[in-house]
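The values are calculated or read from the model by the stated rules, or taken from the named source; none is laboratory data. Owing to the predicted nature of the structure, the values given are computational and were not obtained by experimental measurement. Note that each Cβ is placed from the backbone with ideal geometry, even for glycine, and that neighbours are counted across all protein chains shown.
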């Protein structure tokens, strides 16, 4: 190996040497790439190989998603970007999120039915669109008498 080569050249040379035995048909291609400066530049500029999902990674994404793990954290666990995660695992992310939300909603619903007032209020506000409102009305008389303040509270 030539010590004057840069590290990329050395890596490519090592790949060529290692591949000669495993892939004899590609030996000529590797030799051509090694001898061609334009091709070597393309090899240097080549990005990461594409991510290849496996059943193990699909299962890991699904399981992490079902317990509410953030997408950014799941991507970190797999050593990929958020965009790559969504590109290859959208179905697992969506199903996991839906199942996590359904599980928590089921528990909340049971609590509300058992008389947990906080759970009831939260359920009605989030699912039945109930809301608490406070309305202030200010009025006055044209003759200069004091302004009346009327505060109305209630549930709409």
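Side notes on the structure shown:
- Test: residue 85 is closer than 30 Å to residue 48 by Cα and either at pLDDT 95 or above or assigned to a helix (DSSP H, G or I) (or both): yes
- Test: residue in the range 70-84 that is farther than 28 Å from residue 47 by Cα and surrounded by 12 or more Cβ atoms within 10 Å (Cβ to Cβ): no
- Taking residues in the range 127-156 that are surrounded by 10 or more Cβ atoms within 10 Å (Cβ to Cβ), and partners anywhere that are part of a loop (DSSP other than H, G, I, E, B) and at pLDDT 80 or above, the pairs with Cβ atoms closer than 8 Å and at least 6 places apart or on different chains are 155/130; 155/131.
- Of the listed requirements (1) surrounded by 14 or more Cβ atoms within 10 Å (Cβ to Cβ); (2) in a helix (DSSP H, G or I), residue 102 misses just one: (1).
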